[in-house]
1. For Rg and Dmax of the Cα atoms in Å, several values are listed as [x] 13.0, 44; [y] 14.0, 45; [z] 19.4, 52; flag the one computed from this structure.
2. Counting only protein heavy atoms, what percent of the accessible surface of segment 1-59 is carbon or sulfur at a 1.4 Å probe?
3. Counting only protein chains, not ligands or nucleic acids, how are C27, C45 ordered by accessible area (probe 1.4 Å), most first?
4. Quick one: accessible surface of E71, probe radius 1.4 Å, all protein chains present, in square angstrom to the nearest 10.
5. What number comes out for accessible area per residue over the chain if the probe is 1.4 Å? Units Å², please.
6. Quick one: order F10, F2 from most to least accessible surface, probe 1.4 Å.
7. For segment 34-78, what is one quarter of the convex hull surface built on the Cα atoms, given in nm²?
Amino acid sequence: MFTGLSVRVFRTLVRVVARRGGEQTGCGRRWGVPLADRVLLVAVCYRTDLTLRQVALLFGISKSAAGRVVEHLAPLLALAPVTR
């Protein structure tokens, strides 16, 4: 509802982000929010133009965590270059 995407398209988007490296690999602290929720968070940010503070409240995380999610996943949601 907040993203304007159908469930099928959203699932495809989550798979694309996972293939591009959205899931954490290697060492370091794991994300507290599942990948699908992180993709949804970024989609809601882009679609609604809410502040990070407002989006963080919707997802029950801190403003700084929401900012890290957007910073990490935004490049992975960009369109892939098309070769001719």
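1. Comparing each candidate, only [x] matches the computed number.
2. 57 percent
3. C27, C45
4. The value for E71 is about 150 Å².
5. Result: 73 Å² per residue.
6. Accessible-area ranking of F10, F2, largest first: F2, F10.
7. Dividing the Cα hull surface by four gives the mean projection, 2.7 nm².
The values are calculated or read from the model by the stated rules, or taken from the named source; none is laboratory data. Note that the structure is a prediction, hence the values are computed from the model and not measured. Just the protein is used for accessible areas: all its heavy atoms, side chains included, with ligands, DNA and RNA removed. Shrake-Rupley method; radii C 1.70, N 1.55, O 1.52, S 1.80 Å.
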